[in-house]
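The values are calculated or read from the model by the stated rules, or taken from the named source; none is laboratory data. Keep in mind the model is a prediction, meaning the values are calculated, not measured. FYI the Cβ positions are ideal-geometry reconstructions off the backbone, even for glycines, and counts take in every protein chain you see. Just the protein is used for accessible areas: all its heavy atoms, side chains included, with ligands, DNA and RNA removed. Shrake-Rupley method; radii C 1.70, N 1.55, O 1.52, S 1.80 Å.
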Amino acid sequence: MGILDSVLNSALSSIAGGNGNGQSQALQLIAQLIEQNGGVGNLLQQLQQGGLGDILQSWIGQGGNQSVSADQLESALGGGLQQAAQQVGLDGHQAGDLLSQYLPQIIDSLTPNGTAADADGFGLDDVARILLQNFMK
């Protein structure tokens, strides 16, 4: 685990009060998925290619975020979700449930101007900064 991972995990723990609740696990899971995919833009591309294009666009665009099911996310992310879930101590279905609750809001926060290009080039340091700004309120 690198220094950036340690900083991000510390930030995520402080967001959730360090008690390991669902929000903290969801943020850790999303950070793991971003890292596995090589950035936010690549994660968005995987979701798009996995059949979630219209749902994803609702999270990025202005307006309400469409809901997504755990099964849809598991299908779109495949083995990558299982791998990320194991890294944060969850099973695949728990991970899908958490992502369905938190991923729309987080992607919405990462794309404030309503375009996927907003997230291009974001790494974990950018995500940590945005999460701290938006979830520590």
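The residues listed here are GLN45, GLN36, GLN57; of these, the one that is under 14 Å from LEU99 (Cβ atoms), at pLDDT 85 or above and part of a helix (DSSP H, G or I) is GLN36. Scanning region 90-103 for residues that are open to solvent by less than 60 Å² (accessible area, probe 1.4 Å) and at pLDDT 90 or above, we see that the one that is farthest from LEU56 (Cα to Cα) is LEU90. Pairing residues of region 78-94 that are closer than 14 Å to GLN28 by Cα and assigned to a helix (DSSP H, G or I) with residues that are modelled with pLDDT under 90 and of a type in the set (D, E, K, R), at Cβ distances under 8 Å and at least 6 apart in sequence or on separate chains, gives ALA85/ASP91.
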